[in-house]
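**Student:** I have a structure I would like to understand better, so I am pasting it below and will then ask my questions one at a time.
The values are calculated or read from the model by the stated rules, or taken from the named source; none is laboratory data. Keep in mind that this is a model prediction, so the values were computed, not measured. Positions of Cβ are backbone-derived with ideal geometry, glycine not excepted, and every protein chain shown enters the neighbour counts. The accessibility values were calculated without ligands, DNA or RNA, using every heavy atom of the protein model including side chains. Shrake-Rupley method; radii C 1.70, N 1.55, O 1.52, S 1.80 Å.
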Amino acid sequence: MRRSLVAALLAGLGVSTSVASAASTGVIELPRAKFATGDDMARARADFDDSKWAELSTTLNFEKQGFEDYDGYAWYRIHVRIPSSLKSSVKWAERLRIYLSSIDDVDETFLNGVKIGAMGQMPGDPRGYATRWNGLREYDVGVSSGLVRWDEDNVIAIRLYDGSGGGGFYRDMPTLRLAEIVEGFKPDTGKTRYDYAGPIVKASVHWANSFPVAMQGRLDQEVFDADSGKVLSRGSRGVAVAPNSGIDLPVQAPQRAGIEVRYTFTEAKTGAVGRSVLNLPYLLTPAESARPRINGATVLGARPGSPIYYRLPATGRSPLKLGARDLPAGLAFDPAQGVISGRVAMAGEYRITLTASNALGEAQRVLTLIVGDMLALTPPMGWNSWNVYGLAVDAAKVRAVADAMVSTGLAAHGWTYVNIDDGWESAQRNADGSIGTNSKFPDMKALSDDLHAKGLRFGIYSSPGPLTCGRFLGSLGHERQDADTWASWGVDYLKYDLCSYETTNLPKNPSVADHRKPYEIMGKALAAQSRDIVFSLCQYGSADVWNWGREVGGSLWRTTGDIEDSWRLVREIMEAQVKSAPFAGPGRWNDPDMLVVGEVGWGGELHPTRITPDEQYTHISYWSLLAAPLLLGNDLTRLDAFTRNLLVNDEVMAVNQDPLGRAARKAWSGDGWEIWERELADGRKAVGVFNFGEAFRSLKIAGRVPELTAGVALRDLWRQKDLAALSEGFEARVPAHGVLLLAVGKGR
């Protein structure tokens, strides 16, 4: 699996414990561990002799420390003396917290021979192997259990399985400390519910007590406006919560950027204090008009004779009548489903008039169908299973997502791809060498047909190596055979993930030709099919893939490692796009990885994304400016109002889908501000003003870039609102980590 870095949330709700001040806070760092490959459960015992094992750093994976290219089972053993004086560092010395950062990719962890936690599923698990390489490991041990050996040597033993790529510890420093009682009482955003009533947001905030003790004390609350710097309201209440239970507490605040609810909980018996901040989500996209509107891309690419499935994306009050005129020979329109399907034999450009009407009027738009040798004329928009289901994906979940894409209205705004990532493959190839599916996908052709009937497109996943990242069958040596199989199932999109090929087939110092080779082979196999299969190269930007990805048949290519729901990582990915951005264009898109909005989980327990509402607006805005593929990675069957509002802004989506296909460039930066601009087909510029600082603040933008001159027309794309013409005194007022996304100039 590919790596990325996130900051560990070590201090819970703000209890004053940190690695930086370990001497005063009672945090014990665990920088070194004994290590050995292989598997033996005796290694969990405290008295096991590990004196001849290697000693490694716990902040760097073992493949970079002398165990290059090793995949399989291995063990770490961390010896640590836990002083009884540690008890004086907290007011409630009842719970030892062991933070192990991240372990690639599955672990079982033991303290002095007793299992205290696990993440992921080992290959022998009856439920099947499930990687959790990116999960943060934090395991608690009750002090009253007797497992802790005070003032003596303790052994934290970690059994791990690494399926592919770099294995073992990575990210940041593992630590050990005693948790304060207030760390068990905090808001659970996954169970918090919001009601958006005009200018007001009402929240029922769920406070969860995750500790097996009763929680009692005082909860102070203030609503803070980061824009004005003022406290809008204060309140206080007594709370009493049973062990491993929770309560719902109301809050009401203005619905706008920068509103925070700041909490201070004081536990009655110990006097310990915990703090937390809830960033209230706010809706910027206006409610959909009752009048008809046609959305989505204005161009569509296909090869001669290939099947076409196109769902007409339209909104408006029901009943909505849809139509399509001037269809070329070979295409038909189903008004009941709103789907154009068929094949066009002759190359050329065809202008199809789309219509949508209801009692309030009619909307028209021309869709230009370009039948030739180029696919993905605009960046793909849709969904991928990995960030939500990981290897736990199955056909029922995929069907449910496809249904939700339609029922939530996302399909009516241009979202169309439904892509299965890793975890669908059979354990062995068939007698003729062809690949099959496992029991989770009993009939892939039927699944594909169901998606196509809805006008959606169907994607799948493989690797050029012998195995995928999840240790399923890859396509090495079977490229044409697999492409034939996928085409017979009706696949429209292939994500081709480097994974095991990197360790088994790439030389030590690979040339560009070495990097190209596996993708050239599959590119030719896909081009030989009688249907269009968009080719997504997933090799993490190696050898500057944007220089040659199109030449091997690719329509898009990853430019970075894997994304996670971390602002730090989203920010790092943004900065990494400067080099590749000029190479984007129709049929050749840079892919900074999937979107991390909504509820995600990577095959584990679902949780709301850990990036704030302001950061989510930045995330969508930047991907749109960059002309990046927009592939959702969340559970669409649990789509909340805020996330849906993020994804149905047709003016923002139009920037992403602009047919000119030119990605934005960084036009100006300074003092934590960045201005990115993108040329649009209608003559306007899309401009993103990003505040990467830590406070809500203003920037005078006139003159920062040539397009921002006094008198130019401005439109706020998120609010879909015309602003006053730019003046010398105009200030972009932007929240911390937020964005103002503008259209600048008059369109043709």
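**Student:** State which residue is farthest from the chain's Cα centre (by Cα) when the search covers only the range 268-279 and only residues that are closer than 17 Å to G235 by Cα and of a type outside the set (V, I, T). Working first, answer last.
**Tutor:** First pass over the range 268-279, keeping only residues closer than 17 Å to G235 by Cα: 273-278.
The next check asks that each one be of a type outside the set (V, I, T); those that pass are 274-276, 278.
Numbers: G274: 29, R275: 27, S276: 24, L278: 21 Å.
Ranking the qualifying residues of the range 268-279, first place goes to G274.
**Student:** Further question on the same structure: Out of all the residues in the range 605-628, is one or more open to solvent by 10 Å² or more (accessible area, probe 1.4 Å), of a type outside the set (K, R) and part of a strand (DSSP E or B)?
**Tutor:** Looking for residues that are open to solvent by 10 Å² or more (accessible area, probe 1.4 Å), of a type outside the set (K, R) and part of a strand (DSSP E or B), one finds at least one in the range 605-628, hence yes.
**Student:** Scan the range 405-419 and tell me whether some residue there is in contact (Cβ under 8 Å) with a residue 60 or more places away in the chain and within 13 Å of V491 (Cβ to Cβ).
**Tutor:** Taking every residue of the range 405-419 in turn, at least one turns out to be in contact (Cβ under 8 Å) with a residue 60 or more places away in the chain and within 13 Å of V491 (Cβ to Cβ).
**Student:** Also, I was wondering about something else. Would you say W92 is under 30 Å from P507 (Cα atoms) and out of contact with any His (no Cβ under 8 Å at 6 or more places or on another chain)?
**Tutor:** Details: under 30 Å from P507 (Cα atoms): no; out of contact with any His (no Cβ under 8 Å at 6 or more places or on another chain): yes.
When the stated conditions are applied, W92 does not pass them.
**Student:** Also, I was wondering about something else. Where the second residue is open to solvent by 10 Å² or more (accessible area, probe 1.4 Å) and in a strand (DSSP E or B) and the first is on the phi < 0 side of the Ramachandran plot and lies in the range 571-592, which pairs have Cβ atoms under 7 Å and are six or more apart or on separate chains?
**Tutor:** The qualifying pairs are V578/K666; A581/R665.
**Student:** Please pick out the residue among S536, S500, S530, S555 that is touching a residue at least 40 places away in the same chain (Cβ under 8 Å), in contact with a strand residue (DSSP E or B) (Cβ under 9 Å, 6 or more places away or on another chain), surrounded by fewer than 16 Cβ atoms within 10 Å (Cβ to Cβ) and of a type outside the set (D, E, K, R). Can you show your working first?
**Tutor:** Working: S536 fails: surrounded by fewer than 16 Cβ atoms within 10 Å (Cβ to Cβ); S500 fails: surrounded by fewer than 16 Cβ atoms within 10 Å (Cβ to Cβ); S555 fails: surrounded by fewer than 16 Cβ atoms within 10 Å (Cβ to Cβ).
Answer to the selection: S530.
**Student:** Name the pairs whose Cβ atoms lie under 7 Å apart, with the first residue in the range 314-337 and among the acidic types (D, E), the second surrounded by fewer than 16 Cβ atoms within 10 Å (Cβ to Cβ) and part of a strand (DSSP E or B), and 6 or more positions between them or separate chains?
**Tutor:** Matching pairs, first to second residue: D326/R351; D326/T353.
**Student:** I'd like to verify a number: residues in the range 420-446 that are open to solvent by 30 Å² or more (accessible area, probe 1.4 Å) and in contact with a Leu (Cβ under 7 Å, 6 or more places away or on another chain), how many?
**Tutor:** Matching residues across the range 420-446 total 1.
**Student:** Can you pull out the residues in the range 308-318 that are more than 12 Å from G455 (Cβ to Cβ) and either crowded, with 22+ Cβ neighbours inside 10 Å or not small (G, A, S) (or both)? I'd like the intermediate steps shown before the answer.
**Tutor:** Quick first cut of the range 308-318, residues more than 12 Å from G455 (Cβ to Cβ) only: 315-318.
Matches in the range 308-318: T315, G316, R317.
**Student:** Search the range 336-349 for residues being within 35 Å of the chain's Cα centre (by Cα) and open to solvent by 30 Å² or more (accessible area, probe 1.4 Å), and hand back the single one that is farthest from R457 (Cα to Cα). Break it down stepwise before answering.
**Tutor:** Narrowing the range 336-349 to residues within 35 Å of the chain's Cα centre (by Cα): 336-343.
Restricting the remaining residues to those that are open to solvent by 30 Å² or more (accessible area, probe 1.4 Å) gives 336-337, 341, 343.
Details: A336: 18, Q337: 15, S341: 12, R343: 15 Å.
For the range 336-349, the residue satisfying everything is A336.
**Student:** If you don't mind, there's one more thing I want to ask. Counting just the residues of the range 35-60 that are under 17 Å from E108 (Cα atoms) and among the polar types (S, T, N, Q), which one comes out most open to solvent (accessible area, probe 1.4 Å)?
**Tutor:** If we take residues in the range 35-60 being under 17 Å from E108 (Cα atoms) and among the polar types (S, T, N, Q), then T37 is most open to solvent (accessible area, probe 1.4 Å).
**Student:** Return the only residue of A203, A179, A157, A197 being of a type in the set (A, V, I, L, M) and under 25 Å from E55 (Cβ atoms).
**Tutor:** Working: A203 fails: under 25 Å from E55 (Cβ atoms); A179 fails: under 25 Å from E55 (Cβ atoms); A197 fails: under 25 Å from E55 (Cβ atoms).
So the residue among A203, A179, A157, A197 that is of a type in the set (A, V, I, L, M) and under 25 Å from E55 (Cβ atoms) is A157.
**Student:** Among the numbered criteria (1) open to solvent by 10 Å² or more (accessible area, probe 1.4 Å); (2) touching a Gly at 6+ places or on another chain (Cβ under 7 Å); (3) within 30 Å of W548 (Cβ to Cβ), which one does L595 miss?
**Tutor:** (1)
**Student:** Given the range 174-232, what strands (runs of 3 or more DSSP E) lie entirely inside it while holding 3 or more residues that are crowded, with 18+ Cβ neighbours inside 10 Å? Quick ask: steps written out before the conclusion?
**Tutor:** Numbers: elements: 175-178, 185-187, 193-197, 200-209, 215-225.
Correct list: 175-178, 185-187, 200-209, 215-225.
**Student:** Within the range 514-527, how many residues are open to solvent by less than 20 Å² (accessible area, probe 1.4 Å) and among the β-branched types (V, I, T)?
**Tutor:** 0
**Student:** Considering the range 658-670 alone, what residues qualify as being in contact with a helix residue (DSSP H, G or I) (Cβ under 8 Å, 6 or more places away or on another chain) and part of a strand (DSSP E or B)? Step through it out loud before you land on a result.
**Tutor:** Here is the first cut: in the range 658-670, the residues in contact with a helix residue (DSSP H, G or I) (Cβ under 8 Å, 6 or more places away or on another chain) are 663-665.
Within the range 658-670, just R665 meets the criteria.
**Student:** Same structure, new question: Whether any residue in the range 506-513 is crowded, with 22+ Cβ neighbours inside 10 Å and either over 25 Å from M594 (Cβ atoms) or in contact with a helix residue (DSSP H, G or I) (Cβ under 9 Å, 6 or more places away or on another chain) (or both) is what I want to check.
**Tutor:** Residues of the range 506-513 that are crowded, with 22+ Cβ neighbours inside 10 Å, as a first pass: none.
The answer is no, given that none of the residues of the range 506-513 is crowded, with 22+ Cβ neighbours inside 10 Å and either over 25 Å from M594 (Cβ atoms) or in contact with a helix residue (DSSP H, G or I) (Cβ under 9 Å, 6 or more places away or on another chain) (or both).
**Student:** Another question about this same structure. Got a sec? Which of T264, T270 is among the hydroxyl-bearing types (S, T, Y) and over 26 Å from D195 (Cα atoms)? Can you show your working first?
**Tutor:** Numbers: T264 fails: over 26 Å from D195 (Cα atoms).
Within the list T264, T270, the selection yields T270.
**Student:** Separate question: Within the range 447-484, work out how many residues are open to solvent by less than 30 Å² (accessible area, probe 1.4 Å) and more than 16 Å from N505 (Cβ to Cβ).
**Tutor:** Of the residues in the range 447-484, 13 are open to solvent by less than 30 Å² (accessible area, probe 1.4 Å) and more than 16 Å from N505 (Cβ to Cβ).
**Student:** What pairs can you find where one residue is in the range 273-299 and more than 30 Å from P586 (Cα to Cα), the other is in a loop (DSSP other than H, G, I, E, B) and of a type in the set (V, I, T), and their Cβ atoms are less than 6 Å apart, with a gap of 6+ or different chains?
**Tutor:** Within 6 Å, the pairs are G274/V15; N279/T612.
**Student:** Please go through the range 68-98 and pick out each residue that is under 30 Å from E502 (Cβ atoms) and modelled with pLDDT of 95 or more. Before you say what the answer is, go through the steps one by one.
**Tutor:** As a first pass, look at the range 68-98 and keep what is under 30 Å from E502 (Cβ atoms): 68-78.
Scanning the range 68-98 gives Y73, A74, W75, Y76, R77, I78.
Each row is one residue, and each column tells you yes or no for (1) part of a loop (DSSP other than H, G, I, E, B); (2) of a type in the set (S, T, Y).
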| position | (1), (2) |
| --- | --- |
| E288 | yes, no |
| A297 | yes, no |
| G305 | yes, no |
| L322 | no, no |
| P328 | yes, no |
| S341 | no, yes |
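**Student:** Here's a follow-up. Out of curiosity, is L278 of a type in the set (A, V, I, L, M, F, W, C), farther than 27 Å from S144 by Cα and in contact with a Phe, Trp or Tyr (Cβ under 9 Å, 6 or more places away or on another chain)?
**Tutor:** On the way: of a type in the set (A, V, I, L, M, F, W, C): yes; farther than 27 Å from S144 by Cα: yes; in contact with a Phe, Trp or Tyr (Cβ under 9 Å, 6 or more places away or on another chain): yes.
Answer is yes for this residue.
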